[in-house]
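Read through the structure below, which is laid out as structure tokens, and then see the notes.
Here, each number is a calculation from the coordinates, and none is a lab measurement. Every value quoted in this text rests on a predicted model; they were computed, and no experiment measured them. Cβ placement follows ideal geometry from the backbone for every residue including glycine, while neighbour counts extend to all protein chains displayed.
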């Protein structure tokens, strides 16, 4: 662990993710919600970072900005030196497809599809050859320990298994950045731990940068190398794990 | 996304709500079926009409009549021409002149007179008309019993089946080969010296044809051999000579000098000699009809050809097709609303799914195309089903009319014809309509904000 963190901290390459005074406001009734209010941060390649804060602190909104699902009101979000704010919606879609993998609290699998089909879906958007897809989705499912349940539907799986499928789907296009929004929120603590172990192992072996949104500080402390605390849309403090 | 993947996902999605999408597809198919049924009916009726016209052998024919006649084919014509009194009469000289026009192959009078057939001591009234030898090509003689005239001056007759039954109710075909006696009125020119007492005043004394002062009608009898019996009136019942029950070769009728209605009138009008009510001018080639018609118009006669009739017929069918099309499209318009409704529902239901797809890399265009493909697939299936359904409706229409015609003892004819182009056009149209219907739902799906759709559990 310490090796990995040392390596990440001592890296001299460009940051994987860099936000500069990024804001995201949206109107609600007569008032303006400042969901993200001037956050500047940098995340190195290969780092495992936890975004912590109360609900409504803006951590999910910040993650969505980094994921290219949302656009900042002002400021910039640079991922591998490309400014997401300046991308067209088609470019953002390509970015989400090729550079980012996402895992959600509610898994967000498509219930009508088998787990293989779910994992193959991102490759359809990426126009990966049909012959290659089966192989890659199987590899990806094997990596998360579900190599034997390819034809099951999500509803036939437990929560932990569904989150593994979701992880396999996030990895299948070999992204450089894995974004996890409360990945353990719907799981019991042991299953949650298993998932985070898996995420950490995979990110290490694939050299991925991981940004995880969570409100479970204790769990975050066991896996993340750095913690960024948000409150009211502002960055309040940063800690590096000892 | 590739076309294959779009189609694959679209079909999967459609199968997710089988009932709803199935009902919508059936809705489209009903729309397509009604459109196809209507247009096919239009096509069928048009073909029926043109088949009748073509079979009637009228396309290469110009009908010529004198402007002196009371009844014209075109009333507007009368206004722009000199007074009928000054118009030339359709006499032998005119006939010769027309015969010598370019591209004219045959000029025959249309002769239709009253006559009586004496059979077994009873008299049977019927109109006698003269047919040229070219009438043999007419469809009425396709299935005739017996033979056509042996030559254009033979003492032979062809009878209409109805008339034959009147003569010989039990076995009308036994008449073929037998002699019948025709009684008719012969037109006899009055000799010059008798003219002084002529009851009818012919004002023109300049002529020298021998019957300047009128004519008398003398009862005559002529034995004729029955050579054939036909079921249908020749020329589709559309010409003066069609409306007869006893048909003779035209030269025979001329030779017998049968008194015609026009003789009396032309005599009153002061025509000098024999005139014709109508001359039938056959043209070498239907394309030359207009030229011949113009040439005869130059001679100040009234002309009529099927070209005139087909012009108005085409206009009629264009309007008919339009109406049938509008009527048929109504159901398709309703089906379009069903597609929009179904897809809007699907967008609402699949909000989350659309958000997920966007989060894992689908572009707005991908989402839009997916819904378009779903709409198009429903349109295609609906189109196919509609063709089948339309075909069924058409068969029913044809069967119904066949039964109806059969009851009236008319030969069955298809009134509903679905040409191949209509099959293709219906499917393409169905897809296009479905895509247009998918426009709004698809763009609505594409505009969904993934953050919003993924927000709440």
Report task. In nm, give the distance between the simple-model label positions of residue B:326 and residue B:181, each being 7 Å from the Cα along the Cα-to-Cβ direction. Result -> 6.4 nm
Query raised in the report: How many percent of DSSP beta bridges within the range A:97-242 run antiparallel, rounded to 5?
Result: 40 percent
Query raised in the report: What residues from the range A:222-236 fall in the zone where the backbone N is under 20 Å from a label point 7 Å along the Cα-to-C-beta line of residue A:32?
Result: A:231-235
**Report entry** Prolate/oblate/rounded label for the range A:1-132 (Cα gyration tensor, a/c 1.5)
**Finding:** oblate
Query - Most mobile of A:155, A:31, A:60 in a GNM of chain A (Cα contacts under 10 Å) - result: A:31
Report task. Note down the nm distance, to one decimal, between modelled labels 7 Å out along Cα→Cβ at residue B:150 and at residue B:440. Result -> 8.0 nm
Report summary line: The helix A:130-143 Cα axis meets the longest alpha-carbon principal axis of chain A at an angle in degrees, between 0 and 90 and rounded to 10, of 70 degrees
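Taking the radius of gyration and the Kirkwood hydrodynamic radius from Cα positions alone, what is the Rg/Rh ratio for the range A:2-240, to two decimal places?
Rounded to two decimals, Rg/Rh equals 0.96.
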Query - C-alpha long axis of helix B:306-349 to longest principal axis of chain B, angle in ° - result: 10 degrees
Report summary line: Taking the alpha-carbon centre of each part, the distance from the range B:393-457 to the range A:199-242 in Å is 58 Å
Query raised in the report: Considering chain A as a Gaussian network with a 10 Å cut-off on Cα pairs, which listed residue, A:54, A:225, A:18, attains the greatest mean-square fluctuation?
Result: A:54
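Kindly work out what percent of the DSSP beta bridges joining two residues of the protein assembly as shown are antiparallel, to the nearest 5.
Roughly 70 percent of the beta bridges in the protein assembly as shown run antiparallel, per DSSP.
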**Report entry** Packing-based exposure ordering (other Cβ within 10 Å, fewest first) of B:340, A:211
**Finding:** B:340, A:211
Query raised in the report: At what distance in nm do the modelled label points of residue A:21 and residue B:310 sit from each other, each positioned 7 Å from its Cα along Cα→Cβ?
Result: 8.2 nm
Requested in this report: Return the FRET efficiency for the residue pair residue B:118, residue B:216: r is the Cβ-Cβ distance, R0 is 25 Å, and the value is rounded to the nearest 0.05.
Outcome: 0.65
Query raised in the report: So what does log10 I(q)/I(0) come out to for the protein assembly as shown at q = 0.08, 0.09, 0.11 Å⁻¹, using the Debye formula with one equal point on every Cα and no solvent?
Result: -0.74, -0.85, -1.10
Report summary line: Taking a ≥ b ≥ c as the square roots of the eigenvalues of the Cα gyration tensor, with a/c under 1.5 meaning rounded and otherwise prolate when a/b exceeds b/c and oblate if not, the range B:346-403 is prolate
Report summary line: The relative contact order of chain A, taking Cα pairs under 8 Å that sit 6 or more residues apart, comes to a percentage of 27 percent
Query - Antiparallel bridge percentage (DSSP; both residues within chain B; nearest 5) - result: 80 percent
Report summary line: Assertion target for B:133, A:208, A:113, ordered by fewest C-beta neighbours within 10 angstrom first, is B:133, A:113, A:208
**Report entry** Angle in degrees between helix B:3-16 and the longest Cα principal axis of chain B, rounded to the nearest 10
**Finding:** 80 degrees
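Go ahead and run the numbers for FRET between residue A:231 and residue A:201, Cβ-Cβ distance against an R0 of 30 Å, rounding to 0.05.
Working: r = 31 Å, r/R0 = 1.05.
The formula returns an efficiency of 0.45 here.
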Query raised in the report: By its C-alpha gyration tensor, with a ≥ b ≥ c as the square roots of the eigenvalues, how is chain B shaped: rounded for a/c under 1.5, else prolate for a/b larger than b/c, else oblate?
Result: prolate
Query raised in the report: Taking springs between alpha-carbon atoms closer than 10 angstrom, which of A:127, A:193, A:142 fluctuates most in the Gaussian network model of chain A?
Result: A:127
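Can you sort B:162, A:30, A:194 by how many other beta carbons sit within 10 Å, fewest first?
On the way: B:162 13, A:30 5, A:194 17.
By the 10 Å Cβ count, ascending: A:30, B:162, A:194.
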